[in-house]
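What follows is calculated from the coordinates using simple rules that are stated; it is not laboratory data. In this text the structure is predicted, and so the values were computed from the model without any measurement. Glycine gets a Cβ as well: all are built from the backbone with ideal geometry, and neighbour counts include every protein chain shown.
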C-alpha cells in the first residue's frame, strides 16, 4: 500500500514538473513574440515640404463709382453714360466684351429711407455702379489699374474699393503630382537621416498623409504672385 502511494506521489511530481516546464516554454515563446511585435512597431514619423511660387492666371478687377442727383431719370442716364465710358476705356486697354460685366446699379432714395422729416440733403437720390473685369490677362489688368486715373478726366470718380483686385491661381492640378512627389522625397530623406543617426534601418511605410495644399499671396504687395505649399506626413517602420 505504501509502495503504491509512493508511486502516485512520484508520478504527480513528474506531471507537475512537465507542466512547469511547459508553462515556462509557453511564457518564453509569448514574451519573444511580444518583443518581436514591438520591434516591428518601432516607427518614425517625418514631414516633407514642397513649396513653390507661381504667377496668378486670373484677375478679378472691380471698378466702382458713385453719383447723386435729384432727378431719378437723369441719374439713370448718367449711370449709363459713365458705364459706357468705363467699358470704352477697358476695351481700349485690350479687354474683350466677354471679360467685362456691368452690374445692376444700386440706387438709394434718401427721402424714403430717412425717418426724420427735418433731415435735409442736397440730393435725394444716390447711386453706385460696378463694372467688373474677369480675365486671364493678368499683366494687362495690372497695367490698366495704373491707367484708370484717366477715367477721372472723364468726370468719373473711381471709388477706393476699385483697387481690391483679386488674383487667382487656378492650375493647381497641373503641379500637384510633382509637388506631392517632392514632399514625399523630402520626408524620405528626413527618415533616412533619423534612421542613420539612431543606428536603425528604415523599413516600409506604415502610414502616409498627403496633407492639404494652401495657396497664399507671396506678400501684401505682390498679390499676383502666389505661394503654393503642401506638407506630407509619412510614418516608416524601423528595424535594427
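Within region 105-240, the percentage of alpha carbon pairs spaced more than 27 angstrom apart rounds to 56%. Taking every alpha-carbon pair within region 58-168, the share separated by more than 22 Å comes to 36 percent. Note on residue 60 and residue 208: their simple-model spin labels are 3.5 nm apart, each label 7 Å out from Cα toward Cβ.
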